[in-house]
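The values are calculated or read from the model by the stated rules, or taken from the named source; none is laboratory data. Here the structure is a predicted model, which is why all the values come from computation and not from measurement. Don't worry about glycine lacking a Cβ; one is built from the backbone with ideal geometry, like all the others, and counts go over all protein chains shown.
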Amino acid sequence: MAQTTTAAPTTTAAPSTTAAPTTTAAPSTTAAPSTTAAPPTTAPVLTFESSQEFGSFPTDTQSAFKAVVDEEFAAAQEKAGISIAVFSGGTLWTYALGEASSTTNMTSSTPIAIGSTSKTFVSALVLTQIAEGLYELTDSLEQVLSGHPAYESFDKTRINPDVTVAEMLSMRSGLGDYNDNREGKKDFFSNPTWEPADNVTLVQTSFTEPGAFDYNDTNLALLGLVAEFHGNANLNNLYSQTFFEPLDIAAVLPPHDAVPSDTAFPYGDLSPHAEGFGNIIDAAPYDFDYYWFGQGRMRWPCCGLITTAENLARWGYELYSSNGAAVADSVRTQLFDALLTDPVFYQGIMQNYGYFTTQRTYVLSSSANLTTVGHPGAGGGYSTLLRYSPELDVVVVLLANSLLQERGTCGSLEGQRDVRHCLASRIFATYAG
């Protein structure tokens, strides 16, 4: 929920184990030129507050959830803060610990960048527009962007006019990734103006034949343009009208929305500004506003949303549960049907990848597996996990201001491995009983 004041929950203690070795790879989205001042923004600033309207899980279940989080977070070496939410119907559990910045503890109402989990909003919006008859899954890029003021300027040897909406939604477009143009992205920090189409023009390679799975964010930039063109509004306004306001959830999408001042700072490899692991902003020659001035442009629809674990857990439930109200039943069916494809290698394991939704199985015990859907996010000093279990009708969300990609306590189990997935699988196991 968004309110006028921010309430902090009781779990605000910062851990004493934030020091870590220097082995974490530097995320590609932290580089910035030497300019240190970001232009002022006139957009209103959203303030997040924890909700008081939902019921609670049984006390022993809450204690078990907390024990899982405490154990997994304590085992991580490179870490800053973490925020967790578990949601099912009208029942919510939230918990936070660690630090949001060098001077602020993480709380359940601390906004955090959710990275590529933002993609779930794009597919939901595009499929909703299709359900409304604005265009079709089988329509080509030429069909859905013909008449767009930027489309004619795209290099058609790099941006395939015949690629379909479905191929972009499933990461099978054959397009090059604009993120590979690191020098071009640096200009996003200094250029006085920016348009969403600028991300597309960064693509440097010719397209290939669609069909093979290839995870890249050019698909998101193009679908963001499609959604805005047919929705006749900026993407942040479309999200608000279609999802945030009807569902009473809150999130912000830079650069069109202002970044809340209490947003968690990113932690990670401090190079090239310093050595070791720590607060990236403290080590850099630029401030937090400047960081997000460029990051908001680079991330945009692919991975730019900022929200809290509670809001994201509610979103996951409303999107994937048959009891949810984020999308029409026909759209939800499309999301699940798109997973009925051959597994692909993604994030270190074989799993199904549909319309910006993955299907991943967790091992709960020697005799029980649990299928979950959702989407992860990681990069730029943040990490996210959103997993929904259709069998249990419950969502687990983890937000962190570090990558948390070290092996967790259950790392020997196929499909779990890192701290995020160990934590989620253990919470699901606790909930299942």
Just give me the residues in the stretch 136-167 being within 26 Å of the chain's Cα centre (by Cα) and of a type in the set (Ser, Thr, Tyr), in sequence order.
-> THR164
Restricting attention to the stretch 225-257, which residues are among the small types (Gly, Ala, Ser), more than 23 Å from PRO111 (Cα to Cα) and not in a loop (DSSP other than H, G, I, E, B)?
-> ALA227, GLY231
Output the residue which, of all residues in the stretch 194-212 that are of a type in the set (Gly, Ala, Ser) and farther than 14 Å from GLY184 by Cα, is surrounded by the most Cβ atoms within 10 Å (Cβ to Cβ).
-> SER206
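Output the number of residues of the stretch 179-193 satisfying the condition of being part of a helix (DSSP H, G or I), touching a residue at least 24 places away in the same chain (Cβ under 8 Å), out of contact with any Pro (no Cβ under 6 Å at 6 or more places or on another chain) and not charged (D, E, K, R).
Just the residues of the stretch 179-193 that are part of a helix (DSSP H, G or I), to begin with: 179-180, 182-189.
Now narrow it down to the ones that are touching a residue at least 24 places away in the same chain (Cβ under 8 Å): 179-180, 182, 185-186, 188-189.
Still in the running and out of contact with any Pro (no Cβ under 6 Å at 6 or more places or on another chain): 179-180, 182, 185, 188.
If we keep only those that are not charged (D, E, K, R) as well, we get 179, 188.
Of the residues in that region, 2 qualify.
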Got at least one residue in the stretch 378-390 being more than 22 Å from ALA113 (Cβ to Cβ) and outside the structural domain of VAL126 (by TED's automatic domain parsing)?
-> yes
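Identify the residue in the stretch 350-365 that is more than 24 Å from ALA432 (Cα to Cα) and in contact (Cβ under 8 Å) with a residue 12 or more places away in the chain and, among all such residues, is surrounded by the fewest Cβ atoms within 10 Å (Cβ to Cβ).
By that ranking, first place goes to GLY354.
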Quick check: is even one residue across the stretch 118-125 part of a strand (DSSP E or B), modelled with pLDDT of 95 or more and closer than 30 Å to TYR286 by Cα?
-> no
Across the stretch 258-293, what is the number of residues that are within 18 Å of PHE189 (Cα to Cα) and in a strand (DSSP E or B)?
-> 0
May I ask you to say which residue of VAL327, VAL344 is buried (at least 21 other Cβ atoms within 10 Å of the Cβ) and more than 17 Å from the chain's Cα centre (by Cα)?
-> VAL327
Which residues, taken from the stretch 100-114, are assigned to a strand (DSSP E or B) and buried (at least 24 other Cβ atoms within 10 Å of the Cβ)?
-> ILE112, ALA113
Examine the stretch 294-311 for a residue that is surrounded by fewer than 21 Cβ atoms within 10 Å (Cβ to Cβ), aliphatic (A, V, I, L, M) and either in a loop (DSSP other than H, G, I, E, B) or touching a Phe, Trp or Tyr at 6+ places or on another chain (Cβ under 7 Å) (or both), and state whether such a residue exists.
-> no
Quick one: would you say PHE265 is free of Cβ contacts under 8 Å to residues at least 60 places away in the same chain, over 14 Å from the mean Cα position of the chain (by Cα) and more than 18 Å from THR128 (Cα to Cα)?
-> no
